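A.B. asks: Input: one structure, supplied below.
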Amino acid sequence: MAAQRDESLTKEFADLSAKERSKLAKQEEAAATNDAVYQDLMARAEKDFAAGRYDNARTLFREARERRPLNVYPKVKLEDLEALVTKRAAEEAAKAEPNVDHMPEPIIPDTAKAPIVFQAAAHSPDPLPPTRPKAEPKPAALRTEQRAAPPEDPSAPVQEGEREYVEGNAKVLEIVVREGKRTVVYKKVKHPWGQLYFFRDGESIGDRVWRERFGNR
């Protein structure tokens, strides 16, 4: 690691002993203090960096580094700037992703969920003719497809449950609970870079609300 950082200053710097490097660093620090052009470049770069003008700051830091290649400060500032720009780009990309969590999924009884049966009925090469007599039994696949979920009874007991699944690049923990007379869907969405988002029936909520409801789940 140290060899890579030394070589990134100058090639000659990497060939020096630790004692020679320390002496050279002290000399460079004193020389840089008296270099008005270098000090002006660094001051302007710091100002642009603080104001969010990252392209200008990057250009000025690079000019300062070229002027004083043995000074580690411009190199460190460039690394900090690149890390910040990368982080901001990831945050902007996350905001641009479509948020499908604002459309909560309906709670369907397990007996009505038959994805394989639905698929077979949709792609059946021999669909049931509409003129067939009503007394003739219908195929099981068609009967399953036409079965609609019963309307939710507010007084009926609802079993709490949770599931985990992957949506896009994010991991989702979904918890279904009964609150008063209605069913509520909570979701915790974790993105690959570690950002967490929380939702209640598709509306964004704070992590404090989630922790008060479900703890560290």
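The values are calculated or read from the model by the stated rules, or taken from the named source; none is laboratory data. Just so you know, these numbers come straight off a predicted model, no measurement behind them. Don't worry about glycine lacking a Cβ; one is built from the backbone with ideal geometry, like all the others, and counts go over all protein chains shown. All accessible areas refer to the heavy atoms of the entire protein, side chains included, with ligands and DNA or RNA removed. Shrake-Rupley method; radii C 1.70, N 1.55, O 1.52, S 1.80 Å.
A.B. asks: In the range 172-197, which residue that is in contact with a strand residue (DSSP E or B) (Cβ under 9 Å, 6 or more places away or on another chain) and in a loop (DSSP other than H, G, I, E, B) is least open to solvent (accessible area, probe 1.4 Å)?
C.D. replies: Residue satisfying both the conditions and the ranking: HIS191.
A.B. asks: OK, next. For the range 62-77, which positions are over 30 Å from the mean Cα position of the chain (by Cα) and either modelled with pLDDT of 95 or more or not small (Gly, Ala, Ser) (or both)?
C.D. replies: ARG62, GLU63, ARG65, GLU66, ARG67, ARG68, PRO69, LEU70, ASN71, VAL72, TYR73, PRO74
A.B. asks: Go over the candidates ASP80, ASP55, ASP101 one by one and state the one that is at pLDDT below 90 and in a helix (DSSP H, G or I).
C.D. replies: Testing whether each residue is at pLDDT below 90 and in a helix (DSSP H, G or I) leaves just ASP101.
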